[in-house]
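What follows is a single structure, written as structure tokens, with notes after it.
The values are calculated or read from the model by the stated rules, or taken from the named source; none is laboratory data. It should be emphasised that the depicted structure is a prediction, and the values quoted were computed from it without experimental measurement. Cβ placement follows ideal geometry from the backbone for every residue including glycine, while neighbour counts extend to all protein chains displayed.
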Ligand code: NDP
């Protein structure tokens, strides 16, 4: 057997050994690839063309990674040096698309896992978008507006060479919201002298979509609603535990409340708050104002609302609940947390964050036959509305809020149906398998059409 033949006939473990050898120390990336490969190897077992053309191996090798220095001056006139990245994973079905993350933990492994996941997620939306992700190890916490602006301008001064409305269209992610997108768009426009839809998540005044801020959190709850419906159930009267207190978490909480559920927790990197009275819309507005906009700490909530308690250094998964929505960051819900949720009677988990559940936790949810939606399906509402923003920018039109809300609901239902189509196993829907296969198939079939490129 030639070396080429051997590569084509590796099993899952042989494939993963190669991924680990080629990506040393990149644990998040390896984890994301394994989670997908576990389902894809089974699916392509009898589909020779996917082996012959090495499709999964090619998707698991980014088209391009750009890494660059970002220098900026802080308010004390000190020169600061950060590292910026853009990972362009795959553009088989459309321009690269995916957020920018500013967080001190950002490194190549995290951005590669996010860009890889994004490739499948974007395919699931049904819109023509490839997968990418970017960011920098910049910590926006505690920085003045001027410092954030200077950083964003410096970041874009390099990034602008690698993006474009038909090339790569970044958006927000952790640490990047409307303010940062505004500074980056302003700098892009200044350098290129072009007003194009090169970024999404823009302000309404200059081409942003009306419901982009809400879309990821709302979408994750719509997905949960769709899953519950398959068992003749709904959100009304159910208790929900949510992690995070940023964009995705606060909007997920808002939609749960609108649909008659009771939200018990929110969190940040320092701990979680538990409010047995329920986190009402008024309280969510307080969190948005104090935590998200003023960049305060979630612990302040327990000072404002006296029945609530703050649990330092802990995650909220031990609070008994019907529904769980991890909406903070990767690997925030581990195997033991998953076992606790199952033991406490949780019936559905919808991920707002990307890869918040580790592989052990994923296996626990699958074995318990919980309604469990992986982020690449359930948090796709954000990028879907970004895709709609791209269409509006290209056509130079803007859609009304009701139209966008309906499109978001329709797209989340469409993703749910795709997951069911490929994930049905007897009486149980394995949404992870469904999302992986539906996303893979779309990208893989486009790649087959292109030959070896
Ligand atoms: P934000 O920056 O608005 O909020 C992030 C929240 O997560 C904050 O409460 C933050 O707390 C918390 N957090 C961040 N890092 C950690 C950590 N290491 N441990 C515990 N908590 C942490 O980000 P978003 O809400 O936009 O993003 C949240 C998740 O959703 C991410 O996984 C992101 O990739 C994913 N996502 C976001 C989309 C979007 O549209 N924004 C789209 C799809 C997915 P603190 O303030 O202490 O840092």
Quiz item: Looking at region 415-435, which of its residues are more than 16 Å from the ligand (Cβ to nearest atom) and surrounded by 15 or more Cβ atoms within 10 Å (Cβ to Cβ)?
Solution: 416, 418, 419, 420, 422, 423, 429, 430, 431, 432, 433, 434
Quiz item: When you look at residue 181, is it more than 21 Å from residue 64 (Cβ to Cβ), within 14 Å of the ligand (Cβ to nearest atom), outside the structural domain of residue 244 (by TED's automatic domain parsing) and in contact (Cβ under 8 Å) with a residue 60 or more places away in the chain, yes or no?
Solution: no
Quiz item: Only one of (1) part of a helix (DSSP H, G or I); (2) within 23 Å of residue 379 (Cα to Cα); (3) out of contact with any strand residue (DSSP E or B) (no Cβ under 6 Å at 6 or more places or on another chain) is not met by residue 185, so which one is it?
Solution: (2)
Exercise. Could you check residue 139 against (1) within 15 Å of the ligand (Cβ to nearest atom); (2) in a loop (DSSP other than H, G, I, E, B); (3) under 22 Å from residue 391 (Cα atoms) and say which number it fails?
Key: (3)
Quiz item: Can residue 328 be described as closer than 19 Å to residue 234 by Cα and at pLDDT 95 or above?
Solution: no
Self-check item: residue 257 vs. criteria away from the ligand (no atom under 16 Å from the Cβ) and within 21 Å of residue 401 (Cα to Cα)
Solution: yes
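Conditions tested, residue by residue: (1) closer than 21 Å to residue 26 by Cα; (2) surrounded by 12 or more Cβ atoms within 10 Å (Cβ to Cβ); (3) out of contact with any strand residue (DSSP E or B) (no Cβ under 9 Å at 6 or more places or on another chain).
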| site | (1), (2), (3) |
| --- | --- |
| 44 | no, yes, yes |
| 52 | no, no, yes |
| 56 | yes, yes, yes |
| 74 | no, yes, no |
| 77 | no, no, yes |
Quiz item: Residues in region 329-346: is at least one surrounded by 19 or more Cβ atoms within 10 Å (Cβ to Cβ), touching a residue at least 24 places away in the same chain (Cβ under 8 Å) and over 24 Å from residue 246 (Cβ atoms)?
Solution: no
Self-check item: Residue list for region 81-108, filter: surrounded by fewer than 19 Cβ atoms within 10 Å (Cβ to Cβ) and either within 15 Å of the ligand (Cβ to nearest atom) or part of a strand (DSSP E or B) (or both)
Solution: 81, 83, 104, 105, 107
Quiz item: From the list 395, 449, 444, which residue is surrounded by fewer than 21 Cβ atoms within 10 Å (Cβ to Cβ), farther than 22 Å from residue 171 by Cα and more than 16 Å from the chain's Cα centre (by Cα)?
Solution: 449
Quiz item: Which residue out of 146, 131 is outside the structural domain of residue 331 (by TED's automatic domain parsing), touching a helix residue (DSSP H, G or I) at 6+ places or on another chain (Cβ under 6 Å) and either closer than 24 Å to residue 246 by Cα or in a loop (DSSP other than H, G, I, E, B) (or both)?
Solution: 131
Quiz prompt | Candidates 274, 311, filtered to the one that is within 15 Å of the ligand (Cβ to nearest atom), modelled with pLDDT of 95 or more, in contact with a strand residue (DSSP E or B) (Cβ under 8 Å, 6 or more places away or on another chain) and outside the structural domain of residue 145 (by TED's automatic domain parsing) | solution = 311
Practice problem: Kindly provide the set of residues from region 318-357 that are farther than 24 Å from residue 290 by Cα, in contact with a strand residue (DSSP E or B) (Cβ under 7 Å, 6 or more places away or on another chain) and not in a loop (DSSP other than H, G, I, E, B), ordered by number. | Solution: 323, 333, 338, 341, 348, 349, 350, 357
Quiz item: Would a scan of region 289-299 turn up a residue that is over 28 Å from residue 402 (Cα atoms), within 15 Å of the ligand (Cβ to nearest atom) and over 24 Å from the mean Cα position of the chain (by Cα)?
Solution: yes
Quiz prompt | Check on residue 208, out of contact with any strand residue (DSSP E or B) (no Cβ under 9 Å at 6 or more places or on another chain), in a loop (DSSP other than H, G, I, E, B), closer than 26 Å to residue 115 by Cβ and more than 9 Å from the ligand (Cβ to nearest atom) | solution = yes
Self-check item: Single residue of region 188-205 satisfying the filter (in a helix (DSSP H, G or I) and touching a helix residue (DSSP H, G or I) at 6+ places or on another chain (Cβ under 7 Å)) that is nearest to residue 329 (Cα to Cα)
Solution: 188
